[in-house]
Amino acid sequence: MKKIFLSLTLFLFLTFTTLVGYLVLFGYETDKFNNFLENKIKSSEKRITVNIDKIKVKINLRSLNFFITTSEPNIEYRGNKIDIKKMDANIKLNSLLSGKPQIDKINLVTNEINIEEIKKVVKYLKPSNFKKFLLNDVKEGKITSNVDLFLINNEIENYEINGYTKNLFINKGKINLREASFIYFIKKNSGEIDNLRGFLNGLQINSGSIKFD
């Protein structure tokens, strides 16, 4: 009887470990979360259209929560495609078990995007110094972004953005920046540019940094 109990315990342990390992490494493909994730994105901006093909449910062992992940989702803003490479959304385990899933974090990773494509989206945003600068002074370049959106009760409360730019050209007054590349990190109230390289008014920059609030 003891051997049967030990064998059953070992079998259940190995089954559970295999299942968890599979969900960590490969995930379980399902379409049950498609509408949920699409609706959450649309609720933050009515003019966004979202079409998600395949979603995988995986386990984050670090936080002991589930997250859903999808590759190359079709996301458009006012008919302009936003080139997303991957999108993940963390779901609290207790909310999933209760049947009312709550997202506490969304991560978006973009492909390399041309500045001209970004301008097509930015022109619809509210007036700001950044919008004016991007539309009028940034001439060309490419950018890649990793965006973290932090949510409370499924509403965005904070964000962090990091990534890099390359082959950036800026003309603003007496400032002429060309062939620039840098790594950037932006929070809600602060930001930093690092490893800045390029030519500023003809002067070569090999390693510059800027911090701002």
Given the conditions (1) closer than 23 Å to Asn74 by Cα; (2) among the aromatic types (Phe, Trp, Tyr); (3) surrounded by 15 or more Cβ atoms within 10 Å (Cβ to Cβ), every one holds for Phe185 apart from (1)
message = Please verify whether Glu29 is more than 16 Å from the chain's Cα centre (by Cα), open to solvent by 30 Å² or more (accessible area, probe 1.4 Å) and at pLDDT 85 or above, treating the condition exactly as stated.
response = no
Checked segment 119-154 for anything surrounded by fewer than 13 Cβ atoms within 10 Å (Cβ to Cβ) and touching a residue at least 40 places away in the same chain (Cβ under 8 Å); matches are Tyr124, Ile152, Asn153
For segment 188-203, the count of residues that are loosely packed, with under 15 Cβ neighbours inside 10 Å and over 26 Å from the mean Cα position of the chain (by Cα) equals 4
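Give segment 46-105 a look and list any residue that's at positive phi and modelled with pLDDT of 80 or more, or say none. I'd like the intermediate steps shown before the answer.
Going through segment 46-105, the residues at positive phi turn out to be 64, 72, 78-79, 99.
Within segment 46-105, Glu72, Arg78, Gly79 meet the criteria.
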Exactly one of Asn176, Asn158 is open to solvent by 30 Å² or more (accessible area, probe 1.4 Å), within 22 Å of Leu196 (Cα to Cα) and part of a strand (DSSP E or B), and that residue is Asn176
Across (1) of a type outside the set (A, V, I, L, M); (2) modelled with pLDDT of 90 or more; (3) in a strand (DSSP E or B), Asn206 clears everything bar (2)
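Out of the residues in segment 120-133 that are assigned to a helix (DSSP H, G or I), out of contact with any strand residue (DSSP E or B) (no Cβ under 8 Å at 6 or more places or on another chain) and not polar (S, T, N, Q), which is farthest from Asp83 (Cα to Cα)? Walk me through it before giving the result.
Taking segment 120-133 first, the residues assigned to a helix (DSSP H, G or I) are 120-122, 129-133.
Among the residues that remain, those that are also out of contact with any strand residue (DSSP E or B) (no Cβ under 8 Å at 6 or more places or on another chain) are: 122, 129-132.
The next check asks that each one be not polar (S, T, N, Q); those that pass are 122, 130-132.
Working: Val122: 14, Phe130: 21, Lys131: 20, Lys132: 23 Å.
Checked segment 120-133; the qualifying residue farthest from Asp83 (Cα to Cα) is Lys132.
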**Asked** Before we move on, is Phe169 at pLDDT 90 or above and of a type in the set (Phe, Trp, Tyr)?
**Response** yes
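The values are calculated or read from the model by the stated rules, or taken from the named source; none is laboratory data. Predicted model only: the values in this text are computed from it and were never measured. Because the Cβ atoms are built from the backbone with ideal geometry, glycine has one as well, and the counts that use them run over all protein chains shown. Ligands, DNA and RNA are excluded from the accessible area calculation, which covers all protein heavy atoms including side chains. Shrake-Rupley method; radii C 1.70, N 1.55, O 1.52, S 1.80 Å.
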